[in-house]
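Chemist: Take a look at this one; I'll ask things after.
The values are calculated or read from the model by the stated rules, or taken from the named source; none is laboratory data. This is a predicted model, so every value here is computed, not measured. Reconstructed Cβ throughout: ideal geometry from the backbone, glycine too, with neighbour counts over all protein chains shown. Quick note on the areas: whole protein, heavy atoms, side chains included, nothing else; ligands and nucleic acids left out. Shrake-Rupley method; radii C 1.70, N 1.55, O 1.52, S 1.80 Å.
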Amino acid sequence: MDVIMIGAGYVGLTTGACLAELGHRVTCVDNDASKVARLKRAEIPIYEPGLSELIGKLVSAGRLSFSDDLAEVAPHAQLAFIAVGTPSAPNGDIDLSYVKNAAVGLAPLLKPDAVIVIKSTVVAGTAKLVRELVTEVRGRDDVHVASNPEFLREGSAIRDFLEADRIVAGADDRRAAEVLALLYEPLRAKGVPFVATNTTNAEMIKYAANAFLALKIGFINEVADLCEAAGGDVAAVADGIGLDHRIGRAFLNAGPGFGGSCFPKDTRAFAAIGRRYGQPQLIVETLIERNEARKAALSDRILSELKAGSRRVAILGTAFKANTDDVRDSAALTVIPLLKKAGAKITAHDPKARHETERHLKGISWADCPYEAATNADAVVILTEWEEYAALDLARLAKAMAGRSLLDFRNLFAAEEVNRHGLRYIATGRRPAAPISSIHSQPTGAGSGDWSEIAAAPA
Ligand code: UDX
């Protein structure tokens, strides 16, 4: 099928490439001519594992192209996706102006019976609004409007598309539903569930899904705080509750608080929708407040580890999560300014996000490797769960540091392993264990409740 994708950003580019991978002919359209020119030169503006290779393959196969001329490409489209940004207003409401502008720009260009598909995350009722706008511009109601929200995680977006848990197709007329079913036939043939519903439900599914996923994270983060006070281990608790198929283990990793381009924005939008309809989403409103408070509290936790006069802190990880260069709402963007304000001297490292971070934060030193960042540091702080950090040579790290505190807000290590190198380990959801000063290493499992060898023994 002939598809155009308006908005060659993170969602538009990834979704356009994946639709081309399914066999469709896709043109990604963007009004930023310089971005289109870079894309035509195979310069991909975002870091998403596998995307650059996929785009190169599909461009060579003639199934993916780029344009900044909507008038040239829209008349040939059977489906026109709108994948433009929906930024947050200060009160959490989302700004639909880019979506409306795209719809109005498309309206006079589309052939009758074409389907506009809203991919952007929009409030319930937006597809209906777009249909009214388009009908007004065209003077007749002969174009369909559907909602097809995305569930792509940065760092695993291609897999999340091609191995989707489900496809949500919101349509208010049969033809739109049929066209979406046809578009996603290759995935449906692989057994991917196809949820055909109306546009309002589809728009609500997106927000409710993200709000619930964020709730899981907020919940386990509070359980982590309780575990630290009570002496539990939040990872063991997450394992124990996650094995219940009604709960599931995913999104129960305690951390510094959720960030990214979606959860913070979508939870605020969901709360704003609730307020607007007189049905405040108080649980989500509390979640938002607790999540922001958590990030701010990290700096207090770090400062409490620094002795008077010592203020050199190494920050490992500024991306909002591993496998992305995106720093939007990352813990580092909250923590680093607070530490600097308290007089700390920051040296940061991130395998991919340095460039993006420097656009937001000035006045910090950067290291080319974690050990360089840790050199003479009084404390090392891990904020992003990069595999590179999980594989750190702790002996080398301890040797480089001046201080003894490793604060790991992603729980990458076992306390015993860190303590063996004479470091004090402050993890998330576990009580700090003291470094092993004596030469006698504590027997593994003593008091840690780690009887995994028993659980693994054959019944
Ligand atoms: C999210 C949704 O998962 C995706 O479906 C939606 O389409 C876009 O928003 P993304 O923001 O890319 O995807 O990242 P995700 O992997 O969901 O992580 C979001 C935040 O939650 C990150 O800050 C991450 O570190 C944090 N997180 C995630 C946790 O703290 N613990 C977890 O167990 C999982």
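Chemist: Would you mind giving the three semi-axes, in whole Å and largest first, of the ellipsoid equivalent to the chain according to its Cα gyration tensor?
Modeler: Listed largest to smallest, the semi-axes of the chain are 45, 24, 21 Å.
Chemist: Now a separate question. Which whole number in µm²/s is D for the range 284-339 by Stokes-Einstein, with the Kirkwood Rh taken over Cα pairs at 10 °C and 1.306 mPa s?
Modeler: Details: Rh = 12.5 Å.
This corresponds to a translational diffusion coefficient of 127 µm²/s.
Chemist: Just the Cα atoms of the range 1-120: what Rg and Dmax do they give in Å?
Modeler: Both quantities, over Cα of the range 1-120: 14.0, 45 Å.
Chemist: With θ set to phi - 60° and the Karplus curve 6.51 cos²θ - 1.76 cosθ + 1.60, what are the ³J(HN,Hα) couplings of the range 307-320 in order, to the nearest whole Hz, using x for Gly and Pro?
Modeler: Using θ = phi - 60°, the values come out as 6, 3, x, 8, 9, 8, 10, 9, 9, 9, x, 10, 5, 6 Hz.
Chemist: Give the Rg (one decimal place) followed by the Dmax (whole number) of the range 345-408, computed from C-alpha coordinates and expressed in Å.
Modeler: 11.5, 33
Chemist: How many percent of DSSP beta bridges within the range 1-138 run antiparallel, rounded to 5? If you can, show how the numbers build up before the last one.
Modeler: Details: 1 of 18 bridges.
Percentage antiparallel, nearest 5: 5.
Chemist: Also, quick follow-up: List the pairs from Lys206/Lys321; Lys57/Lys190; Lys265/Lys362; Lys321/Lys352 whose alpha-carbon separation is above 18 Å, in the order I gave them.
Modeler: Listed pairs above 18 Å: Lys206/Lys321; Lys57/Lys190; Lys265/Lys362.
Chemist: Along the Cα→Cβ direction, 7 angstrom out, place labels at Asp165 and His355. What is the inter-label distance in nm?
Modeler: 3.2
Chemist: Ordering Val29, Val195 by how much accessible area each has at a 1.4 Å probe, largest first, what is the list?
Modeler: Highest to lowest solvent-accessible surface, that is Val195, Val29.
Chemist: Can you give me the relative contact order of the chain as a percent, contacts being Cα pairs under 8 Å and 6 or more apart?
Modeler: 10
Chemist: Tell me, in nm to one decimal, what length is gained between Glu53 and Lys341 on full extension, where the rule is 0.36 nm per residue of separation less the Cα-Cα distance? Can you show the working numbers first?
Modeler: Working: separation 288, 0.36 × 288 = 103.68 nm, distance 4.26 nm.
Separation in residues times 0.36 nm, less the Cα-Cα distance, equals 99.4 nm.
Chemist: Please state the equivalent ellipsoid semi-axes for the range 269-387: what are the square roots of 5 times the Cα gyration tensor eigenvalues, largest first, in whole Å? Numbers along the way, then the final one.
Modeler: Values: eigenvalues 186, 59, 24 Å².
Output for the range 269-387: semi-axes of 31, 17, 11 Å.
Chemist: Still on this structure, please answer the following. In the range 103-197, if every C-alpha pair distance is counted and binned at 5 Å from zero, what percent goes to each bin?
Modeler: 3, 13, 23, 21, 18, 12, 8, 3, 0
Chemist: If you don't mind, there's one more thing I want to ask. How would the range 177-224 be classified by its alpha-carbon gyration tensor: rounded, prolate or oblate, with rounded meaning a/c under 1.5 and the a/b versus b/c comparison settling the rest?
Modeler: Oblate is the answer for the range 177-224, as a/c is 1.5 or above yet b/c matches or exceeds a/b.
Chemist: Here's a follow-up. Sort out for me the Cα centre separation of the range 282-315 from the range 16-60, rounded to whole Å.
Modeler: 39
Chemist: With a point put 7 Å past each Cα toward its Cβ, work out how far Asp368 is from Ala293 in nm, to one decimal.
Modeler: 4.4
Chemist: Using modelled amide H (1.01 Å from N, peptide plane; none on Pro or chain starts), what sits under 5 Å from the amide H of Ser365, excluding residues fewer than 5 places away?
Modeler: Close amide H contacts, sequence-distant or interchain: Ile346, Ala348.
Chemist: Continuing with the same structure: Given H placed on each backbone N at 1.01 Å, which residues far from Ala196 in sequence or on other chains put an amide H within less than 5 Å of it?
Modeler: When sequence neighbours closer than 5 places are left aside, the close amide H contacts are Ala169.
Chemist: Counting other Cβ atoms within 10 Å, which trypsin sites (Lys or Arg not before Pro) in the range 1-103 have at most 16 and lie in a DSSP loop? It would help to have the intermediate numbers written out before the result.
Modeler: Values: sites: Arg25, Lys35, Arg38, Lys40, Arg41, Lys57, Arg63, Lys100; in loops: Arg41, Arg63.
Those satisfying the criteria are Arg41.
Chemist: Name the shape class, rounded, prolate or oblate, that the alpha-carbon gyration tensor gives for the range 172-260, where a ≥ b ≥ c are the square roots of its eigenvalues, rounded holds for a/c under 1.5, and otherwise prolate holds if a/b is larger than b/c and oblate otherwise.
Modeler: Prolate.
Chemist: Could you give the dipole magnitude of the chain about its Cα centre, charging the beta-carbon of Lys and Arg +1 and that of Asp and Glu -1, in debye to the nearest 20?
Modeler: Using only the charged Cβ atoms, the result is roughly 720 debye.
Chemist: Okay, next question. Restricting to DSSP H runs of at least four residues, report the calculated mean residue ellipticity at 222 nm for the chain, -39500 (n - 2.57) per run over all residues, nearest 500 deg cm²/dmol.
Modeler: Details: 20 runs with 199 residues, N = 459.
Taken over the chain, the calculation gives -12500 deg cm²/dmol.
Chemist: Report the calculated FRET efficiency for Arg431 and Val192 (r = Cβ-Cβ distance, R0 = 51 Å), to the nearest 0.05.
Modeler: 0.70
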